[in-house]
Amino acid sequence: MVKKILVVDDSALMRRVLCDIIETDERFQVADRATNGLEAFDLLSRNRYDAVVLDVNMPKMNGLQLLEELRKYKIDAKVMMASTDTKEGAKTTLDALELGALDFVHKPDTAMDCRVEDFKERFLRTLDAVANSRPVRFSLPNRVQESSRAVERVASLAKMSSRRTAGSRIVAIASSTGGPKALQSVIPMLPADLDAPVLLVQHMPKGFTASLAERLNELSQIKVKEAQEGDELQKGTVYVSMGGMHMNVKMCGGRYTIHYTDEPSREGVKPCANYMYESLADSCFDEIVCVVMTGMGADGTEGIRNLREKKKVHVIAQNQETCVVYGMPKNVVNAGFSDQIVPLDQLAQEIALNVGIKA
């Protein structure tokens, strides 16, 4: 069935260009257009759309204000942000994702640049993921005290668990559409003294991952940082892959360090989790705990398949019911690689139970 799309942008030229791109794909139909948030709110109050393409900077009511109103009045809408603000103001993008937007694309500065094939491909791929996503409501601890108690519970369970055996471990997480918000149910729940380093590939372009890492760090007891070239891996630290590059782990001077490579996109994304997993194949870790979360496509499956040939791997897949887009975990499960399939709010606990707490 053709997906009905609402396009919201105050620029007549940009609206026309985005609508033209959408109409070139037989999967979609532009059902309505709006020039600002107020017009969009009225349309969303009366009609249902399979996806909304939403600008940020608009008169009368901007994109963030519209998302706030939709949340206030409990109006369900699957929103994809498309704004020039997303490049210059990564914070704005993260705010939009927290307010309910599912994903975003950086809209080029000029309408002419929107006609470039690379942008059209990324735009339509993201729109397809958003239009086919499922509504998921995240239950995030909204108070420091509540969050602290949750982390203490996870740490206590990990200390009492007999599941963990002797040996060194590393955690490697892959996530995409729906990930930035879903990660707030996982990373802040990890104890600061987790007995393993954590690698994280979230599909995001260059310029956004630093803000994602900073926000997760503010919410967490465990240390979170955007991984830099040459960073030495430390237990109790989450290393977020830099957007626009592929993150690998290599041995340097007897220590494991971050190394970036600039190969072409793989699975249509950069960074790609497959590279991360495969780079661990020659490591000396006794076990790799792979966590595959919400996201479109199949990133992670091939990397885990290749990793399993050389290393002991424990794979935790997010379950379908809590995924915004059940693509990446589904492919891992269908390939027969998953050792556990758990809901979002149990991922942190299962990670901690598998790697333990530093003595």
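Return the only residue of Glu232, Glu226 being surrounded by fewer than 16 Cβ atoms within 10 Å (Cβ to Cβ), among the charged types (D, E, K, R) and modelled with pLDDT of 95 or more.
It is Glu232.
Kindly indicate whether Arg48 is under 27 Å from the mean Cα position of the chain (by Cα), farther than 20 Å from Arg125 by Cα and surrounded by fewer than 19 Cβ atoms within 10 Å (Cβ to Cβ).
yes
I'm checking my understanding of the structure. Among residues of the range 94-115 that are assigned to a loop (DSSP other than H, G, I, E, B) and among the small types (Gly, Ala, Ser), which one is modelled with the lowest pLDDT?
Taking the candidates together, the pick is Gly100.
Scan the range 314-329 for residues that are buried (at least 21 other Cβ atoms within 10 Å of the Cβ) and outside any loop (DSSP other than H, G, I, E, B) and jot them down.
Answer for the range 314-329, where residues must be buried (at least 21 other Cβ atoms within 10 Å of the Cβ) and outside any loop (DSSP other than H, G, I, E, B): Val315, Ile316, Ala317, Gln318, Thr322, Tyr326, Met328, Pro329.
From the list Asp118, Asp128, which residue is at pLDDT 95 or above and out of contact with any strand residue (DSSP E or B) (no Cβ under 7 Å at 6 or more places or on another chain)?
Asp128 is the lone residue from the list that is at pLDDT 95 or above and out of contact with any strand residue (DSSP E or B) (no Cβ under 7 Å at 6 or more places or on another chain).
Would you confirm, using the coordinates I've provided, whether Leu183 is modelled with pLDDT of 85 or more, crowded, with 17+ Cβ neighbours inside 10 Å and either farther than 20 Å from Val292 by Cα or of a type in the set (Val, Ile, Thr) (or both)?
Judged against the criteria, Leu183 is not a match.
All but one of (1) in contact with a strand residue (DSSP E or B) (Cβ under 9 Å, 6 or more places away or on another chain); (2) over 28 Å from Leu97 (Cα atoms); (3) in contact (Cβ under 8 Å) with a residue 12 or more places away in the chain hold for Thr165; which doesn't?
So Thr165 meets the others, but not (3).
Against the conditions (1) in a helix (DSSP H, G or I); (2) closer than 13 Å to Ala174 by Cβ, where does Gly297 fall short? Just the number, please.
With (1) in a helix (DSSP H, G or I); (2) closer than 13 Å to Ala174 by Cβ applied to Gly297, the lone miss is (1).
Suppose the filter is among the β-branched types (Val, Ile, Thr) and not in a loop (DSSP other than H, G, I, E, B); does Val56 pass it?
When the stated conditions are applied, Val56 does not pass them.
Output the qualifying pairs, or none if there are none: Cβ atoms under 7 angstrom, residues six or more apart or on different chains, first residue in the range 121-132 and not assigned by TED's automatic domain parsing to the domain that holds Val7, second residue part of a helix (DSSP H, G or I) and crowded, with 21+ Cβ neighbours inside 10 Å.
Short answer, once both residue conditions are applied: none.
Name, by its number, the condition in (1) among the polar types (S, T, N, Q); (2) modelled with pLDDT under 95; (3) surrounded by 24 or more Cβ atoms within 10 Å (Cβ to Cβ) that does not hold for Ser211.
The failed condition is (3).
Out of Lys107, Lys60, Lys74, I need the residue that is buried (at least 17 other Cβ atoms within 10 Å of the Cβ) and charged (D, E, K, R). Which one?
It is Lys107.
Would you check if Val8 is under 18 Å from Leu127 (Cβ atoms), surrounded by 15 or more Cβ atoms within 10 Å (Cβ to Cβ) and touching a Ser or Thr at 6+ places or on another chain (Cβ under 9 Å)?
Taking the combined requirement at face value, the residue satisfies it.
For the condition of a type in the set (A, V, I, L, M) and surrounded by 17 or more Cβ atoms within 10 Å (Cβ to Cβ), what is the one hit in Ala335, Ala281, Ala359, Ala273?
Every option except Ala273 fails the conditions.
Is it true that Lys206 is closer than 26 Å to Gly254 by Cβ, surrounded by fewer than 19 Cβ atoms within 10 Å (Cβ to Cβ) and among the basic types (Lys, Arg)?
Taking the combined requirement at face value, the residue does not satisfy it.
The values are calculated or read from the model by the stated rules, or taken from the named source; none is laboratory data. Everything quoted here is computed from the prediction, not taken from an experiment. FYI the Cβ positions are ideal-geometry reconstructions off the backbone, even for glycines, and counts take in every protein chain you see.
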